[in-house]
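The values are calculated or read from the model by the stated rules, or taken from the named source; none is laboratory data. Just so it is clear, the model here is predicted, and its values are computed rather than measured. Using ideal geometry, Cβ is built from the backbone for each residue, glycine included, and neighbour counts are taken over all protein chains shown.
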Amino acid sequence: MIKMTQGGAYLVDGVEYIEDSANALEVIKNKTGINISKEKAAEETIAYGILKAHNTADNMDKLRIRFDKLTSHDITFVGIIQTARASGLEKFPMPYVLTNCHNSLCAVGGTINEDDHVFGLSCAKRYGGVYVPPHQAVIHQFAREMLAGGGKMILGSDSHTRYGALGTMAMGEGGPELVKQLLNQTYDIDRPGVVAVYLKGEPVKGVGPQDVAIALIGAVFASGYVKNKVLEFVGPGVENLSVDFRLGVDVMSTETTCLSSIWKTDEKVSEFYKIHGRSEDYKELNPGKVAYYDGLIEVDLSKIRPMIAMPFHPSNAYTIEEVKSNLADILHETEKRAKVSFGDDIEYSLMDKIHDGKLYVEQGVIAGCAGGGFENICAAADIMRGKYIGADEFTLSVYPASTPIYMELMKNGCAAALLESGAIIKTAFCGPCFGAGDTPANNAFSIRHSTRNFPNREGSKVQNGQVASVALMDARSIAATAANRGYLTAATEIDADLGVYSYHFDEKIYAGRVFDSKGVADESVEIKMGPNIKDWPKMSALPKNLLLRVVSEIHDPVTTTDELIPSGETSSFRSNPQGLAEFTLSRKDPEYVGRAKAMRAAETDRISGADVYSDRPALKNAMDAVKAVYPDAEREGTGFGSTIFAVKPGDGSAREQAASCQKVLGGWANIANEYATKRYRSNLMNWGMLPFIIPEGELPFKNLDFIFIPDIAEAVNNKKKDIIAYVITAGKMKEFTLTLGDMTDDEREIILDGCLINYNRKRLK
């Protein structure tokens, strides 16, 4: 079904691949007559050409990228614009689209969600942007319909910013990276490796894009085979997929931990642009005659079967047939995985979901950028046609990804078929993907064609004894399960006539409702600031020395950004840095906030000259131990702060708040064995936090220990990688080593200045 090469591979004529070996180039020369080096062949990928076209540096190994367009949604754009305003923003220098698909529900929290929307519209007018009102489209569907272009690059503040199937290399990053683009700075990275996803064959009836995506994620996630690399989809199987199908696979590529994606394009993609009135944005993209890839994943589409990603990660992949055949064993294994996240704080059981030997689920959801596509919903309607979900616990909700899609479903009868079955059709909204819509009942099991199924992401609150489970499936198998009234069923088990529907895009919907400044800024427009929209607190530069307290210690194999800063109802506070910070690690380590704030208070007193030690005996003892070895440490400037340890933090969302909330609470560093994603590590640095690495094994410190790092500012300035630190126990200091990975010169300056805001303010002086 899926196999990977051990090393690199050459793609010849876009059809045949040859694994790298000592004589691979000689074999290629004999086949094609082409004499080429590996280095030159690496420049023949689609990805290389797009990166080169957007690189402002004269070095293709150290890229400085300027994007063509930016896009954000309503739990990220407020913080981004506030940061840019604090740094001197006068006008959006490129098209910047502000969509409103996350904080769309304007009930919980009073007026604050709608206040964010009003803020966004006023900023689009003042700075020259585009504003998409709530319920019109989810961020990525609007980008597909209106923004993508062949050979272009788009940067978004949502991790699922992926438009590769349309020939657009898109990346999801934390807000500060968009701030840099707004301030005419660059996205600086080492040239990423490129991994080919070689598709062959054709999917069987009943298999959809989520099935292919889950199979791919399950095959590559744990090994890190594609981590921080660009996935390039090639091979003869591409032409056997519709554009909707490609988009559904593409958006889920984020869950492999890749950096971005790009696909070869063809007449089907050309037709997509034509349907959307943008024929001029199509560009044919293909790798060169001989292209070298750093790895290759072969996917035989004909062998993919309906899949399910069991709780609590998209990589917990099984075929539905596997689950049905080994139900008790797989549910028990899932319960064991849950213990890693929940510990013994909550009773979590799935065995009660077995009814007469079958798995019963209480909820189905087809939604968002992954599930809400036109073809997915049409297929679900065909499977449900003439069937009924019943009057028991099972419910089915369908969220078309945009109003134009909704309109077409109404015109072709698919909406009616779904409504008749008992399903509910809702407006374009990302809520089910992050716990703000269709939250299941306690102990319920939900199957979803959405992007993620991390712990708590569906809305449960473990600290309150509330927990539910989410498994990811394709819309077709969700519909088959719904037709079977909640009993797990693969779409291949249902004999349904799946039609082929033409799509007609109604451009009048957006033309009459979306505000588009056409790039014209109007400085006379007053920005409307609701009472929850707050400025970032003042942040100080990195002191000479640091005395940090470890205030949380997390030993889960992976810590997601949802665990670092929960989603759901907390999203309404994304415009209020101090208010949101109160939720940091709240579902993982409820003690964290109080401990971090205690160190922040000590630093505040130090800076103001107040008495630091009289009510803080543990801090005094730690500082006494430091002064015994470094007698001038206090006088020369030792700052106080906090740090956390996590084995592998930062999987999942691009949300900058996973880092900024720690900084707001006085955090100066993370310590990890590895960072799950490039974007989380970048978020740390953009908020002035040190991304330390420590080898796997027994830690030299434990929770609540103090760590002293002498001359840290000098070490950062001098580009030192190995940093001497001391853990303080029983009044003694014990030396150990922390490592800082590669950083650009700008990243080092940002950390020295204390955060990106300070860095930019200094540049403006």
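Details
- Taken over region 136-164, residues that are among the small types (Gly, Ala, Ser) and over 17 Å from residue 249 (Cβ atoms) amount to 6.
- Among residues of region 722-751 being in contact with an Asp or Glu (Cβ under 8 Å, 6 or more places away or on another chain) and of a type in the set (Val, Ile, Thr), the one that is farthest from residue 625 (Cα to Cα) is 744.
- Counting only helices (runs of 4 or more DSSP H) that fall entirely inside region 530-611 and contain at least 1 residues that are at pLDDT 95 or above, the qualifying elements are 592-608.
- Any hit, region 273-293, residues being under 23 Å from the mean Cα position of the chain (by Cα) and closer than 22 Å to residue 16 by Cβ: no
- Candidate set: region 181-190, residues that are touching a Phe, Trp or Tyr at 6+ places or on another chain (Cβ under 8 Å) and either closer than 30 Å to residue 495 by Cα or not aliphatic (A, V, I, L, M) (or both); chosen: the one surrounded by the fewest Cβ atoms within 10 Å (Cβ to Cβ): 187
- Candidates 366, 425, 405, 447: the one that is more than 23 Å from residue 317 (Cβ to Cβ) and in contact with a strand residue (DSSP E or B) (Cβ under 8 Å, 6 or more places away or on another chain) is 425.
- If you filter region 678-695 down to residues that are in contact (Cβ under 8 Å) with a residue 40 or more places away in the chain and in a loop (DSSP other than H, G, I, E, B), you find that the one that is farthest from residue 84 (Cα to Cα) is 694.
- Close Cβ contacts (under 6 Å, 6 or more residues apart or on different chains) running from residues in region 281-304 that are within 15 Å of residue 236 (Cβ to Cβ) to residues that are among the polar types (S, T, N, Q) and surrounded by fewer than 23 Cβ atoms within 10 Å (Cβ to Cβ) comprise 296/5.
- One residue alone among 135, 102, 140 is buried (at least 22 other Cβ atoms within 10 Å of the Cβ), within 25 Å of residue 655 (Cβ to Cβ) and out of contact with any Lys or Arg (no Cβ under 8 Å at 6 or more places or on another chain), and that residue is 102.
- Only a single item in (1) farther than 23 Å from residue 428 by Cβ; (2) assigned to a helix (DSSP H, G or I) is not met by residue 496, and it is number (2).
- Filter result for residue 540 (in the same structural domain as residue 711 (by TED's automatic domain parsing), touching a residue at least 60 places away in the same chain (Cβ under 8 Å) and either under 30 Å from residue 708 (Cα atoms) or crowded, with 17+ Cβ neighbours inside 10 Å (or both)): no
- Scanning region 14-70 for residues that are of a type in the set (S, T, N, Q), out of contact with any helix residue (DSSP H, G or I) (no Cβ under 9 Å at 6 or more places or on another chain), surrounded by 12 or more Cβ atoms within 10 Å (Cβ to Cβ) and modelled with pLDDT under 95 yields a single hit, 32.
- Looking only at region 460-483, and only at residues there that are modelled with pLDDT of 95 or more and of a type in the set (S, T, N, Q), the one that is surrounded by the most Cβ atoms within 10 Å (Cβ to Cβ): 477
- Answer residue from region 725-749, given it is over 37 Å from the mean Cα position of the chain (by Cα) and without any contact (Cβ under 8 Å) to a residue 40 or more places away in the chain and is surrounded by the most Cβ atoms within 10 Å (Cβ to Cβ) among those: 729
- Yes/no for residue 479 being assigned to a helix (DSSP H, G or I) and either in contact (Cβ under 8 Å) with a residue 24 or more places away in the chain or touching a strand residue (DSSP E or B) at 6+ places or on another chain (Cβ under 6 Å) (or both): yes
- Within region 89-119, the residues that satisfy the criterion of being in a loop (DSSP other than H, G, I, E, B), modelled with pLDDT of 85 or more and closer than 19 Å to residue 656 by Cβ are 89, 92, 100, 101, 102.
- Looking only at region 507-527, and only at residues there that are among the β-branched types (Val, Ile, Thr) and out of contact with any Ser or Thr (no Cβ under 9 Å at 6 or more places or on another chain), the one that is nearest to residue 95 (Cα to Cα): 520
So that you can scan it fast, the table gives a plain yes or no per residue for (1) crowded, with 19+ Cβ neighbours inside 10 Å; (2) in a helix (DSSP H, G or I); (3) in contact with a Gly (Cβ under 7 Å, 6 or more places away or on another chain); (4) basic (Lys, Arg):
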site: 313; (1), (2), (3), (4): yes, no, no, no
site: 318; (1), (2), (3), (4): yes, no, no, no
site: 322; (1), (2), (3), (4): no, yes, no, no
site: 329; (1), (2), (3), (4): no, yes, no, no
site: 332; (1), (2), (3), (4): no, yes, no, no
site: 336; (1), (2), (3), (4): no, yes, no, yes
site: 349; (1), (2), (3), (4): no, no, no, no
site: 352; (1), (2), (3), (4): no, yes, no, no
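- Residue within region 145-162 that is in the same structural domain as residue 279 (by TED's automatic domain parsing) and assigned to a strand (DSSP E or B) present: no
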